[in-house]
Amino acid sequence: MRVALKECSWQTVGEDLVVVFDPRESITLADPEGKVEALLSVLHESPRSTPGLRTALAARGVTVTDEELESGLAGLAGLGLVECEQGRFTGDPAVDERHFSNLAFFGTFSDLDRHRTEFLSRVRDAHVLVLGVGGGGSSLVQCLAGLGAGRLTLLDHDRVETRNFARQFLYRHEDVGRSKVERAAAWVRAYDPDIEVRTVDRWVAGPEDLTDLTDGVDLMVGGLDGHPDAGLWVNEAAVRAGVPLVVGGATRTLLSYMSVDPGMSACLACEFSQRPEEGTGAAAAEDLVHGMRTTNPLIGPVAMQIGSLIALEGLRYLTGFQQPLAAGARIRLDLREGMAGSRIPFNKDPDCPVCALAPVRVPAA
Ligand SMILES: [Zn+2]
């Protein structure tokens, strides 16, 4: 394996070396003999094997023992500064060009063992079930298409309406009156013909209306509207199938999203069960919120936030570039506070009848 240095900058300050990779933070390393600086410099010239590194360092008059080189590379790996050269690109010029920035993004999280190309493969091999291609869903579809998700199943029952144009940028005026899933699928196919798209034009009236759609699905995303319990139906279908779920939505002034890792994290039914004591004002308020129907105030800037945050959380499940951040927690963005965020975790209910449906899984090591 040849070790490649990621894009970073460094400067010697006295006996220290200050290195910047993520611009919001710097790393200070003790480097009294300049050996770390020399190691970074020869790696910056080109990716190298361990013997190649030793030769290049010797040419600079820097002698290192095998142990020093090994621990130096392990140190750089631990700081996320190096990765495997072969794992940076797929070798297919068309794929590498199409996914140029996707690969660069994964380069923030790659290392000697976790390759950018493996993250990308997981996305390109993934089958994502998109629940609703309206407000949040249409920008979600665009994000998933940009990431290059291999297969999309789009579920919705609505027709395109002129009132959708405040926020649903998949559609054109000529689409008014036509099936949303058909028009959304046409957009995806035109955008990237490599993405396989299936449409399901269906009104969902219970969790059983989703069971035939979860086979072979790696991720469920979005949110169905039309019934106060639609979120719980989706939750039940996802947990029963063992498919991770990311949902989100907005009230008048608050965006929120959360995810469910079936059998591992709390689910939406767990959250719902942790309601205030019956007969209290808080319980009444919760009931009122649950059943409340408002004129849809969702505008483009808000809808796109929901779609993009759901897509990013979904990407965590698909690739593992990070652990899911919203598993068993509701992440809220407050419009009144300039989208300031908060994370509200809730407990897994040991008696949750929905979590009991989850297939048995062994936690990843
Ligand atoms: Zn549960």
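Any read-out appearing in this document is the output of simple, stated calculations on the displayed coordinates, not a laboratory observation. Remember, predicted model here, so these are calculated numbers, not experimental data. Neighbour counts run over all protein chains shown; Cβ positions are idealised from the backbone, glycine included.
Annotations
- Placed amide H near T199: partners under 5 Å, 5+ positions off or other chain: L154
- Less than 5 angstrom separates the built amide H of A266 from those of G328, K348, all sequence-distant by 5 or more or on a different chain.
- Candidates V243, V130, V42: whichever shows maximal mean-square fluctuation once the chain is modelled as a Gaussian network with Cα springs under 10 Å: V42
- Student exercise, the chain dipole from Lys, Arg, Asp, Glu Cβ charges, in Debye to nearest 20: 880
- Net charge in the neighbourhood of P193 (other residues with Cβ under 14 Å of its Cβ; Lys, Arg +1, Asp, Glu -1) is +1.
- Net charge, L154 excluded, C-beta distance under 11 Å - Lys, Arg +1, Asp, Glu -1: +2
- Considering only beta bridges that DSSP places wholly inside the chain, some 60 percent are antiparallel.
- Between the stretch 191-209 and the stretch 1-47, the C-alpha centres lie 48 angstrom from each other.
- Residue-averaged 222 nm ellipticity for the chain, from DSSP H runs of 4+ at -39500 (n - 2.57), nearest 500: -10500 deg cm²/dmol
- Computed from phi, the 3J(HN,Hα) profile of the stretch 321-332 under the Karplus parametrisation 6.51, -1.76, 1.60 (θ = phi - 60°) reads 4, 9, 5, x, 8, 10, 6, x, 8, 9, 9, 10 Hz, with x in place of Gly and Pro.
- Considering only V176, V95, V234, the mean-square fluctuation computed in a Gaussian network model of the chain, springs between alpha carbons under 10 angstrom, is largest for V95.
- P(r) histogram, all alpha-carbon pairs of the stretch 242-299 included - 10 Å bins from 0, percent: 18, 40, 35, 7
- When the inverse distances between all different Cα atoms of the stretch 3-86 are averaged and flipped, the Kirkwood radius reads 12.9 angstrom.
- Per-residue 3J(HN,Hα) values for the stretch 9-18, derived from phi via the Karplus relation 6.51 cos²θ - 1.76 cosθ + 1.60 with θ = phi - 60°, read 10, 8, 8, 7, 10, x, 9, 9, 10, 9 Hz in sequence order (x marks Gly and Pro).
- Inter-centroid distance (Cα atoms) of the stretch 96-143 relative to the stretch 300-340, Å: 15
- Cα gyration tensor shape of the stretch 30-75, rounded if a/c is under 1.5, else prolate or oblate by comparing a/b with b/c: rounded
- The tail of the calculated P(r) for the stretch 125-357 beyond 30 Å holds 20 percent of all Cα-Cα pairs.
- Within a Gaussian network of the chain (alpha carbon springs, distance under 10 Å), most fluctuating of G248, G34, G216: G34
- Hydrophobic, long helices, defined as DSSP H runs whose alpha-carbon span along the helix axis is 24 Å or greater and whose mean Kyte-Doolittle value is at least -0.5, occur in the chain at 300-319.
- Counting DSSP beta bridges with both ends in the stretch 128-255, the antiparallel % (nearest 5): 10
- Interchain or long-range residues, amide H under 5 Å from D31's placed H: D16, L17
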